[in-house]
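Presented below is the structure to which this report refers.
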Amino acid sequence: MNEAYAEAGVKRQETAASTALRVLIILGIALGILFMLTGGILSIVGIVLVIVLGFIFPKLNVDYEYIYVDGQIDFDKITGKAKRKTLLRIDFDQVEIMAPANSHALDGYTHKQLEKKDFSSRAKDSKPYVIIANKDGKLTKILFEPSEKMLKMIKQKAPRKVTLY
């Protein structure tokens, strides 16, 4: 078994919108609890509100995981540290180029219409990489943050497609 395997993961940073949504959900849950204490029809509304918002709140906690195995990379989304969903699978036969987000190697793709998929942490100090892939006849720009081990394995598998500067 001589497979190249690497994995990496990042936690998506909170934005102002997601923080505001968290605050609204907490206020909604508090309001639901107050409704439950009043009795009558409002208590039923309160119970429904607490249950619905209780299911939504953990979904705001998002992690991304990248799994590279022998020329194929999976991008998974983990919500609430419990539920995993594979969002995208790319084979490096479909990849045109992979480079750091600020690399001049990507200059030829700046004027093209690209579908964008962001699987990065969105942190200010992060150094995301970009994959330009031809997926189903459309060019797709994928942002992610691979580990050093993953970069080394991808470079070994597709040296002409990967730029590390």
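The values are calculated or read from the model by the stated rules, or taken from the named source; none is laboratory data. Keep in mind that what you see is a predicted model, and the values were worked out from it rather than measured. Neighbour counts are summed over all protein chains in view; Cβ atoms, including those assigned to glycine, are modelled from backbone coordinates with ideal geometry.
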Enumerate the pairs (first residue in the stretch 54-65 and among the β-branched types (Val, Ile, Thr); second residue anywhere and part of a helix (DSSP H, G or I) and at pLDDT below 90) with beta-carbon separation below 9 Å, excluding pairs fewer than 6 apart on the same chain, so at least 6 apart or on different chains.
Val62/Ser18
Considering every residue within the stretch 8-28, establish whether at least one is out of contact with any Gly (no Cβ under 7 Å at 6 or more places or on another chain), acidic (Asp, Glu), at negative phi and not in a helix (DSSP H, G or I).
yes
Taking the residues in the stretch 95-131 that are in contact (Cβ under 8 Å) with a residue 60 or more places away in the chain and of a type in the set (Val, Ile, Thr) as candidates, determine which candidate is nearest to Tyr68 (Cα to Cα).
Val95
Filter the stretch 132-146 for residues that are in contact (Cβ under 8 Å) with a residue 24 or more places away in the chain, farther than 21 Å from Ala4 by Cβ and not charged (D, E, K, R) and give the result.
Ile132, Asn134, Leu139, Thr140, Leu143
Tally time: how many residues in the stretch 104-128 are hydrophobic (A, V, I, L, M, F, W, C) and modelled with pLDDT of 90 or more?
1
Of everything in the stretch 18-41, what is surrounded by 12 or more Cβ atoms within 10 Å (Cβ to Cβ) and under 30 Å from Arg122 (Cα atoms)? Give them in sequence order.
Ser18, Leu21, Arg22, Ile25, Ile26, Gly28, Ile29
Take the stretch 147-163 and flag every residue that is in contact (Cβ under 8 Å) with a residue 24 or more places away in the chain and among the aliphatic types (A, V, I, L, M).
Met150, Met153, Ile154, Ala158, Val162
Residue satisfying all of: in the stretch 85-101; under 11 Å from the mean Cα position of the chain (by Cα) and not aliphatic (A, V, I, L, M); farthest from Lys117 (Cα to Cα) among these:
Lys85
